[in-house]
Amino acid sequence: MKNKFLVSINKLEDIDIYKKVGITTFVFALKNYSIGYENSFSIEEINSIDANKYCLINRLLTSKEIDDLIKLLPSINVNGFIIEDIGLIDSIKKLNKEVYLFINHFNCNYASINEWLNYVDSVFISNELTFDEIKDIAKYVKKPVIVHVFGYNQLMYSRRYLLTNYYKHYNLPYKNSVVIKDKAGSIKMHLIEDEHGTISLSNKIFNGKRLLNLNNILYFYLNTSYIPITIVLDFLNGKDIENSDEGLLDIPTIFKLGGHDD
Amino acid sequence: MIELLAPAGDLERLKIALLYGADAVYIGGVDYSLRANAKNFNLEDIKNACIYAHNLNKRVYVTVNIVPHNSDLDGLEEYLKNLDSVKVDGIIVSDVYIMKLWKKLNLQMELHVSTQASTLNYHTALFYKSLGAKRIVLAREASREDIKIIKDKTKLDLEAFIHGAMCTSFSGRCVMSNFATKRDSNRGGCSQVCRYSFSIDNNEDAFEMMPKDLNMVPYIEDMINIGINSFKVEGRMRSIYYIATVINVYRNIIDKIVNKTITKEYTKYCLDILNRCANRDSTPQFYNDLPSCDEQYYLGRNEISNQDFLALVLDYDAEKKIATIEERNYFKTGDVVEIMAFDKEAKEFIIPTLYDEDGNILEVARHPKQIIKMPCETPLKRDYIIRLKVFDIHDYL
């Protein structure tokens with residue numbers, strides 16, 4: 001089972017700890033081309049790792065950025081790439097590397113995923129679906145897919161410097177990571193900014209251990225960003241996780257308000 | 001081709017948009033569109049919209065830009081066939097399955113890639129071109145340089161937003177609404193959590209992340225020059241007054257650019273009209289630089305609802321020189337107002353004696369939707385708009 005886990009890495013020294021508990025496959029966010037991860041790594045750092053490894057590129061890229069990146073791709077020694085921007089698919093396929101598509105919030109049904117599977121090796125299922133929706137996707141897709149089972153859910157990705165602008169406007173000392181809460185106190189989330197924009201993360205850790213029983217899964221993905229390794233290990237060992245929930249696994253979202261005709 | 005593209009939440013808005021100068025409109029069907037709380041169009045409405053627009057030699061695009069879940073797949077094929085059969089000119093899509101379905105069904109209507117797909121580079125645009133896309137609606141984050149490269153490398157039709165509300169996030173890359181309010185932003189249920197007010201790090205300081213609106217008036221000429229084909233105004237849920245005003249302004253600007261009669265003074269006048277109409281500040285946002293704090297809203301923002309829309313002209317009796325109008329906001333005899341026309345520049349007008357439908361003199365018009373008659377030497381046309389006079393174009397010349 002442990003070889004079915006795909007674990008994002010925050011610190012290189014964590015790799016040996018994970019290996020000791022049977023984890024064999026790791027994700028490294030690529031420096032300058034990723035967003036929302038606790039740490040990102042240079043090509044040299046990624047190449048130095050001896051393990052099954054995937055390079056995560058989850059930013060939306062401009063033409064100049066993607067052209068620059070395409071030149072770098074051959075030098076990245078990994079099993080494959082996890083990408084958000086579909087403009088990279090062709091270039092990676094030419095390198096005979098695996099491509100896993102991770103378009104945040106867009107892979108919400110089996111038909112669309114099956115279309116993407118004509119172009120890529122696997123697809124991350126979106127993280128705002130119900131358990132039944134995910135189960136059906138896994139059932140009807142033509143290749144094994146990847147499902148989130150652990151970590152803070154990414155809720156928003158902005159190109160704006162939301163924290164820089166806020167602190168500048170009020171002339172306050174800058175912080176790149178904050179917790180915001182609505183006035184009623186029912187909405188709470190993390191905002192984290194870097195040079196590529198701002199992301200928001202859920203307040204609670206998503207604990208999708210229920211999904212571990214699904215079939216037709218290539219990998220169960222653990223996004224460990226901003227979570228101490230001890231808690232990740234607790235999850236891997238089947239222990240309860242504090243400050244966690246099951247996200248929207250049992251909560252179907254609605255999109256039309258009953259009774260309104262305008 | 002230069003196209004001014006307007007939003008239309010229903011048939012009334014669609015007619016106003018086309019009348020006031022839009023070359024095309026985009027509308028949402030009852031299903032599969034991202035503004036679930038707009039009135040939206042059933043198939044019969046869409047058919048009528050197409051007939052109406054095509055008679056004016058104008059176009060209708062339908063948004064099919066939800067991110068479907070499993071349960072949304074049933075009926076999609078039939079829906080696309082139906083849209084094609086009523087002669088919709090194009091569909092605006094973000095999901096790959098719907099794109100492939102469009103291709104498989106060999107439909108006549110064009111495939112446009114929605115801004116929800118956040119296309120920022122030419123590789124991505126070329127991928128969509130390989131699927132048959134005729135047009136890319138660019139990411140709102142696309143800069144001038146990004147747009148120019150995509151145009152040069154793909155030769156695709158490019159559509160860009162020029163006016164209206166902005167998302168805080170990349171379009172489509174936000175599910176704050178889903179998690180905070182259980183309403184699915186990518187299926188039309190966005191509850192606009194980014195416009196809420198928050199506390200930050202447990203202190204009482206208010207944190208806000210909402211952007212000002214987009215306004216590309218200063219850059220329209222440059223956008224034409226770098227190859228934008230379609231200039232898109234946001235707001236399918238906006239009022240007819242907003243749509244008429246914004247479309248009218250951009251129509252005049254585009255025409256004056258094409259005729260080489262645009263002036264800085266006229267542009268300034270247009271900016272004032274637009275800012276007044278929207279009740280919110282608007283800026284160019286990402287075109288030349290990344291948004292700073294000046295492109296964001298913080299507490300104390302100036303968002304004052306105005307009552308500028310005074311009346312809509314319903315009819316004009318040329319023989320008796322009597323106009324029939326429908327009241328929207330308070331006005332009275334002697335007020336200096338403006339007639340906003342769809343076929344000429346706005347003109348000052350002094351409210352004459354007003355009469356109700358029974359011929360009784362009205363001291364003031366104070367009942368919205370009341371039918372009022374007034375003598376008027378200047379011929380008016382149905383759907384002209386009477387608005388408060390706030391800016392005088394002569395002051396700018």
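With the simple spin-label model, which puts each label point 7 Å out from Cα in the Cβ direction, the A:Asp132 to A:Asn3 separation comes to 3.6 nm. For the residues A:His105, A:His196, A:His169, a GNM of chain A with alpha-carbon springs under 10 Å puts the largest fluctuation on A:His169.
For chain A, the longest stretch holding no GluC sites (Glu not before Pro) located in a DSSP loop with at most 10 other Cβ atoms within 10 Å is which? Free of exposed loop sites, the longest segment is A:14-194. Report the relative contact order of chain B, percent, no decimals, based on alpha-carbon pairs under 8 angstrom and at least 6 residues apart. Across chain B, relative contact order equals 14 percent.
Of all lysines in the structure, those lying under 18 Å Cα to Cα from A:Lys20, and not within fewer than 8 positions of it along the same chain, are A:Lys2, A:Lys4, A:Lys11, A:Lys53, A:Lys239.
A 31 angstrom limit on the alpha carbon distance is what I want to check against. Which of B:Lys100/B:Lys212; B:Lys320/B:Lys369; A:Lys93/B:Lys212; A:Lys31/B:Lys153; B:Lys129/B:Lys260 exceed it?
Beyond 31 Å between Cα atoms: B:Lys100/B:Lys212; A:Lys93/B:Lys212; B:Lys129/B:Lys260.
With θ taken as phi - 60° and the Karplus curve 6.51 cos²θ - 1.76 cosθ + 1.60 applied, the whole-hertz 3J(HN,Hα) list for the stretch B:275-285 is 5, 5, 5, 7, 6, 9, 5, 9, 9, x, 6 Hz, x standing for glycine and proline. For the stretch B:66-107 versus the stretch B:159-222, the spacing of their alpha-carbon centroids is 27 Å.
If you build a Gaussian network model of chain B, linking Cα atoms that sit under 10 Å apart, which residue out of B:Lys104, B:Lys151, B:Lys381 swings the most? Fluctuation is largest for B:Lys104. Note on A:Lys71: aspartates and glutamates with a C-alpha under 20 Å away, same-chain residues under 8 apart excluded, are A:Glu44, A:Glu45, A:Glu84, A:Asp85, A:Asp90, A:Glu98, B:Asp146.
With contacts taken as Cα pairs under 8 Å and at least 6 residues apart, the stretch B:268-361 reaches a relative contact order of 16 percent.
So if we plug the beta-carbon distance of A:Lys188 and A:Arg210 into 1/(1 + (r/R0)^6) with R0 = 25 Å, what FRET efficiency do we get, rounded to 0.05? About 0.60, to the nearest 0.05.
The gain in end-to-end length when the A:Asp250 to A:Lys94 segment is fully stretched comes to 52.1 nm, 0.36 nm per residue minus the alpha carbon separation.
Computed over chain B with a Gaussian network model linking Cα atoms closer than 10 Å, the most mobile of B:Ser71, B:Ser94, B:Ser239 is B:Ser71. Model label points for B:Gln108 and A:Glu44, set 7 angstrom from Cα along the Cα-to-Cβ axis, are 6.2 nm apart. Straight-line reach from A:Lys168: which aspartates and glutamates fall under 12 Å, measuring Cα to Cα and dropping same-chain residues less than 8 apart? Cα-Cα hits under 12 Å: B:Asp294.
Shown for B:Asp213, A:Asp136, B:Asp184: other C-beta atoms within 10 Å of each C-beta, ranked fewest to most, produce the order A:Asp136, B:Asp213, B:Asp184.
Take the Cα of B:Ile51, step 7 Å toward its Cβ, do the same at B:Asn82, and the gap between the two points is 1.7 nm. Across the options B:Leu11, B:Val62, B:Met340, the greatest Cα extent toward the positive end of the charge dipole of chain B (unit charges at beta carbon of Lys, Arg, Asp, Glu) belongs to B:Val62. Using θ = phi - 60° in the Karplus curve 6.51 cos²θ - 1.76 cosθ + 1.60, the 3J(HN,Hα) couplings for the stretch B:103-111 round to 5, 4, 7, 6, 7, 7, 5, 6, 9 Hz; x is entered for Gly and Pro.
Say R0 is 41 Å: what FRET efficiency, to the nearest 0.05, do B:Asn279 and B:Asp152 get from their beta-carbon distance? The formula returns an efficiency of 0.60 here. Here's the picture: charge each Lys and Arg Cβ at +1 and each Asp and Glu Cβ at -1 in chain B, and of B:Ser71, B:Thr378, B:Tyr219 the one pushed furthest to the positive end of that dipole is B:Ser71. Classify the stretch B:3-295: rounded, prolate or oblate, from the alpha-carbon gyration tensor (a ≥ b ≥ c, eigenvalue square roots; a/c under 1.5 rounded; otherwise prolate if a/b is larger than b/c)? Here the stretch B:3-295 falls in the rounded category. Here the calculated FRET efficiency for B:Lys268 and B:Ser71, from their Cβ-Cβ distance with R0 = 60 Å, stands at 0.75, rounded to the nearest 0.05.
Counting other Cβ atoms within 10 Å of each Cβ, which chymotrypsin sites (Phe, Trp or Tyr not before Pro) in the stretch A:126-190 have at most 11 and sit in a DSSP loop?
A:Tyr174
Contact order for chain A, expressed relative to its length and based on alpha carbon pairs under 8 Å spaced 6+ residues apart, stands at 18 percent.
Read-outs throughout are calculated quantities, based only on the coordinates presented, and are distinct from any laboratory measurement. Small disclaimer: the values here were computed from a predicted structure and weren't measured. Cβ: placed from backbone, ideal geometry, glycine included. Neighbour counts: every protein chain shown.
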